[in-house]
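Asker: The structure follows.
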Amino acid sequence: AYFTPGAVIDRLWDIAAKFGFKGGNITEGSAGTGEILARIPQAMNERSNILAVEIDPITGGILKQLYPDARVEIDGFQNVSIPNGSQDLVITNVPFVANLRVFDREESDLSKKFQIQEFCIAKNIRKLREGGLGIFIAGKGSLDSNKAIRKWIVTDGNCDVVGAFRLNKDTFN
């Protein structure tokens, strides 16, 4: 497991604030023990309903204890039902697993088309309401070398990409 450094998480929340996010429905689809949630600005937290997803049962149990007010799903993101167009913000460090595909009964078109990183990005985008905000940490293999996900984001995903940042290679060491 590679946990997201606090300084990176703080920048994610800064980005959300700069784009005008003040609160709403938030999904964290690969939550771990909730490091991203731990650093949410208090005013945003007070105005938000949080869905946190974690596949590992021990880590998910910790997450559930730490965030009793959140809806915590201890399952794979592919197994969690979230209505399309229902989320104001999706914010996550997507899973990095080479050559892994998952099957999502509700989003089978996405799970058949993409490996796990790209699938998680696409599914999260599909869950956003019009005008919602998606903030993702993804490996360079997803967006640099995968034309299919880039095309999906702007066509089927109907999204505008307003920024992409390359992190230092030692960020997650």
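The values are calculated or read from the model by the stated rules, or taken from the named source; none is laboratory data. It should be emphasised that the depicted structure is a prediction, and the values quoted were computed from it without experimental measurement. Using ideal geometry, Cβ is built from the backbone for each residue, glycine included, and neighbour counts are taken over all protein chains shown. Ligands, DNA and RNA are excluded from the accessible area calculation, which covers all protein heavy atoms including side chains. Shrake-Rupley method; radii C 1.70, N 1.55, O 1.52, S 1.80 Å.
Asker: Given the pairs K22/K147; K18/K140; K22/K140; K22/K113; K64/K147, which are separated by over 31 angstrom at their Cα positions?
Answerer: From K22/K147; K18/K140; K22/K140; K22/K113; K64/K147, over 31 Å: K22/K147; K22/K113; K64/K147.
Asker: Then there's this: Would you mind listing how long the stretch 21-158 runs along its three principal axes, going by Cα atoms, in whole Å with the largest first?
Answerer: Reported extents, whole Å, longest axis first: 38, 33, 27.
Asker: If you stretched the chain out fully between L66 and A148, how much longer would it get, using 0.36 nm times the residue separation minus the C-alpha to C-alpha distance?
Answerer: 25.8 nm
Asker: Keeping every protein chain in place, order D104, D160 by accessible area at 1.4 Å, biggest value first, i.e. largest first.
Answerer: D160, D104
Asker: Enter the accessible area of E35 (Å², nearest 10), with the probe set to 1.4 Å and all protein chains included.
Answerer: 80 Å²
Asker: Given a 1.4 Å probe and heavy atoms of the protein chains only, how would you sort C159, C120, largest accessible area at the top?
Answerer: C159, C120
Asker: Given R₀ = 35 Å, FRET efficiency for V97-E130 by Cβ-Cβ distance, to 0.05?
Answerer: Once rounded, the FRET efficiency stands at 0.70.
Asker: What is the dipole size for the chain, taken about its Cα centre, with +1 at each Lys and Arg Cβ and -1 at each Asp and Glu Cβ, in debye to the nearest 20?
Answerer: I would put it at about 440 debye.
Asker: If you don't mind, there's one more thing I want to ask. With a cut-off of 8 Å between alpha carbons and a minimum separation of six or more residues, what is the relative contact order of the chain in percent?
Answerer: 20 percent.
Asker: Now for a different question. Tell me which residues come under 5 Å, amide H to amide H, from V90 once H is placed; ignore anything under 5 positions away on its chain.
Answerer: T27, L133, G134, I135
Asker: To continue, here is another question. In the stretch 1-102, what percent of the accessible surface is made up of carbon and sulfur (1.4 Å probe, ligands and nucleic acids excluded)?
Answerer: That fraction is 51 percent.
Asker: Hey, can you find the accessible area per residue of the chain for me, probe 1.4 Å, expressed in square angstrom?
Answerer: Ligands and nucleic acids excluded, the figure is 56 Å² per residue.
Asker: When you take every Cα atom in the stretch 75-132, what is the radius of gyration, and what is Dmax, the widest Cα pair distance, in Å?
Answerer: That works out to 10.9, 32 Å for Rg and Dmax.
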